[in-house]
1. Based solely on its DSSP helices, what 222 nm [θ] is calculated for the chain when runs of n ≥ 4 H residues each add -39,500 (n - 2.57) and the sum is averaged over all residues, nearest 500 deg cm²/dmol?
2. Can you give me the distance in nm between label points at residue 45 and residue 192, each placed 7 Å from the Cα along the Cα-to-Cβ direction?
3. Just to confirm, what accessible area per residue do you get for the chain at 1.4 Å probe, in whole Å²?
4. I want to check the label-to-label distance for residue 2 and residue 260. Put each point 7 Å from Cα in the C-beta direction and report it in nm to one decimal.
5. Can you tell me which aspartates and glutamates have their Cα less than 13 Å from the Cα of residue 168? Leave out same-chain residues fewer than eight positions away.
6. So which lysines pass the test for residue 17, namely a Cα distance under 18 Å, with those fewer than 8 places away in the same chain ruled out?
7. Residues of segment 13-30 with amide nitrogen under 13 Å from the 7 Å Cα-to-Cβ point of residue 206?
8. Along the charge dipole of the chain, Cβ charges K/R +1 and D/E -1, which of 221, 180, 160 sits furthest on the positive end?
Amino acid sequence: MVAGTFFLGAQDVFQRKYLRDGINQQFLLGIAWIAGGAMLLPALFYYGTPKIMPGFWSALLVTAALNVISQSVFIRAFALSEASLIAPLRLLTPPLVILTGFFILGEAPTFAGAAGIVITMAGLWLLLSSENNFVFRGAFTKVFTDQGILWGIIGATLFAFSLPFDKKAVVASSALFFSVLVHMIVGLAVVSGSVAFSKNFRGGFWQNLHLWRGKLLLIGLFIALGGFMTNQALNYSLVAYAASLKRLWSFWTIVLAGSILQERRAGRRFLAAAVMFSGIIITVVWG
């Protein structure tokens, strides 16, 4: 999970960079996810298709459908606001996964595990208030005045519903098999929908593919490595704890965005991320 979240953090930062440079949101999302799935195919051919257990296909279809929506929503948030501000909004997911993991998978975390998740939420509050010089009511103001944050909150909420189905699909097959299929399905669905409903997307498709091909392959590589590693980690923990540890993704994004994108207030956001990280440690060690 730690290694996988680093690659996903790099994905966030370079994704934000290319969005600033003018790449179409849906084009970036769809093609990069297809590329990520395709990059994992040689490994799948080598290791072979795993035994498919009951419940896999339904879980795959549910999480793919949720990801088409949530990933589209979240990439819009990245287009509107800085990466180091949007990425930590994923910290909303673990507290919600306590509920979705219980109802979907029947998993119940311990008190210490839940306490650690609550601390990560306190770090999120600190993050939003830091945008207004640590005036805590400024957190509410930031939520309702920044469109990027609003889109990010919606996406993070949807992730809480998709993650339990991710685990269900991984346990019923393998992380590699699931990663290939979900990346390919989501990517193809995004591209197909954009081709069908956007004339501009259709008209500039091949030109954009030629112009951005190297950058799309880089994002696809981050998606392939990060997606597979974090999915593999779902085999070893309750989904609520895995969701909390996966929030290291946000931590890496803040660190990399400060150095690569030179985003403002990186120090304040790093402080908030440190509080979030302490919650993650409590969940992992004592949960």
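1. After summing the helix terms and dividing by the residues of the chain, the value is -27000 deg cm²/dmol.
2. Rounded to a tenth, the inter-label distance reads 2.3 nm.
3. The answer is 43 Å² per residue.
4. 2.1
5. 107
6. 215
7. Flagged as within label range: none.
8. Sorting the options by dipole projection puts first 221.
The values are calculated or read from the model by the stated rules, or taken from the named source; none is laboratory data. What you see is a predicted model, and the numbers here were worked out from it, not measured in a lab. We place every Cβ from the backbone using ideal geometry, glycine too, and count neighbours over all the protein chains shown. Heavy atoms of the whole protein, side chains included, go into the accessibility calculation; ligands, DNA and RNA do not. Shrake-Rupley method; radii C 1.70, N 1.55, O 1.52, S 1.80 Å.
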